[in-house]
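> Attaching a single structure in structure tokens format; questions to follow.
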């Protein structure tokens, strides 16, 4: 019976679609031995004996766990080049200083290394050791000997060292970018409900200078939002795509004058969806329509749909007419900002048809035919949603949430 009461592993691993075979047992085995910042040094032979399988099975499971990002491995090679037990870490949330392994290897060498200093690391027989140097040893201090332990380094100093390491690494290193993204996003107020794909895409769309400014100014932005007393609801992707931190010292009580934009442009498309997202105008049947329905009840749905599409959202209908007349329209600044997250949609393509079905479902008037244009603009879809109808509905909800957040920000500014 094992003396280990717990095995600590990240919860997301349990439901990961690629978790197969002995992977769960192996990560649980590592999770009950971890110490020293989450690292442990384990022999694959011993692990295979503990869970009753071949060593090759353990090695395959470890390779798969490393591939999905659940385990990190640091290989150890003995002085004569033979294999030795490696270091493994179940990935939680912090990095290990590279110099720490040297100290830990010394503690565990006797148990794991095939050739210890007593066998091959000392001075060979018959060869005298080199003489000691002429310098006297320094006098011992009165206090206790210093402890070179990275675990007792103050958190502030650890963060400074981590930033120095990251600044020294290549800016576009995917691992560095992902680690910085996760660290920034996890501190955002709407982290628990934000969609991951558009948030990461907005992060990667930033330049290196913008990402650095975002990390530095976000605390100031959140502090200002807290001082204003309003309920915070801006999605992380919106914050990143708008680069809202850049406006901390630029906000003015006087809103910018609207600019004009052509039909089917991003701002025009965003303004159209913003108008359609409002509540429809109250409508009533006229006497002729009532008589038609009384005579033919099956036409009631068709009559109501036609009425809503033509008169339910009059501002959207005006935009459609301006498009037919090839007239530019005025678009408020906040709508222009939100529209930057729109993507091209091929006219007549599968995504176009999905948006058309959503309009029909909501009784919204559909776009007038864009003569001569191969693409129109709609909110970007989440790449993680395969069903197109579901994806466009999700994109519309995110757009409407951004619209609400932007208007709240405008009111609070």
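Every read-out reported here was derived from the displayed coordinates using simple, explicitly stated rules and does not represent laboratory data. Because the structure is predicted, anything quoted here is derived from the model rather than measured. Counting neighbours? That spans all protein chains shown, and the Cβs are built from the backbone with ideal geometry, glycine included.
> When a/c reaches 1.5 or more, the comparison of a/b and b/c decides; with that in mind, is the range 262-384 rounded, prolate or oblate per its Cα gyration tensor? Write out the running numbers ahead of the final one.
Values: a/c = 2.20, a/b = 1.79, b/c = 1.23.
Taking the square roots of the gyration eigenvalues as a ≥ b ≥ c, the range 262-384 is prolate.
> Ok, one more. Which of the three applies to the range 301-353, rounded, prolate or oblate, going by the alpha-carbon gyration tensor with a ≥ b ≥ c and a/c under 1.5 meaning rounded?
Working: a/c = 1.92, a/b = 1.30, b/c = 1.48.
Judged from the Cα gyration tensor, the range 301-353 comes out oblate (a/c at least 1.5, b/c at or above a/b).
> A further question follows. What are the semi-axes of the equivalent ellipsoid of the range 170-247, taken as the square roots of 5 times the eigenvalues of the Cα gyration tensor, listed largest first and rounded to whole Å? Spell out each step's value before the answer.
On the way: eigenvalues 89, 38, 21 Å².
So the equivalent ellipsoid measures 21, 14, 10 Å along its semi-axes.
> Same structure again: Using 0.36 nm times the number of residues separating residue 205 and residue 217, minus their current alpha carbon distance, what extension gain do you get?
On the way: separation 12, 0.36 × 12 = 4.32 nm, distance 1.77 nm.
Going from the current span to full extension adds 2.6 nm.
> Assuming 0.36 nm per residue, please report the length gained on full extension of the stretch residue 226 to residue 362 beyond their Cα-Cα distance.
Working: separation 136, 0.36 × 136 = 48.96 nm, distance 3.66 nm.
The span from residue 226 to residue 362 would gain 45.3 nm if fully extended.
> How many nm is it between the label spots at residue 301 and residue 63, if each spot is 7 Å from the Cα in line with the beta carbon?
Placing both labels 7 Å along Cα→Cβ, they lie 5.7 nm apart.
> To the nearest whole percent, what portion of all C-alpha pairs in the range 235-330 is separated by more than 22 angstrom? It would help to have the intermediate numbers written out before the result.
Details: 2474 of 4560 pairs.
I get 54 percent for the Cα pairs in the range 235-330 exceeding 22 Å.
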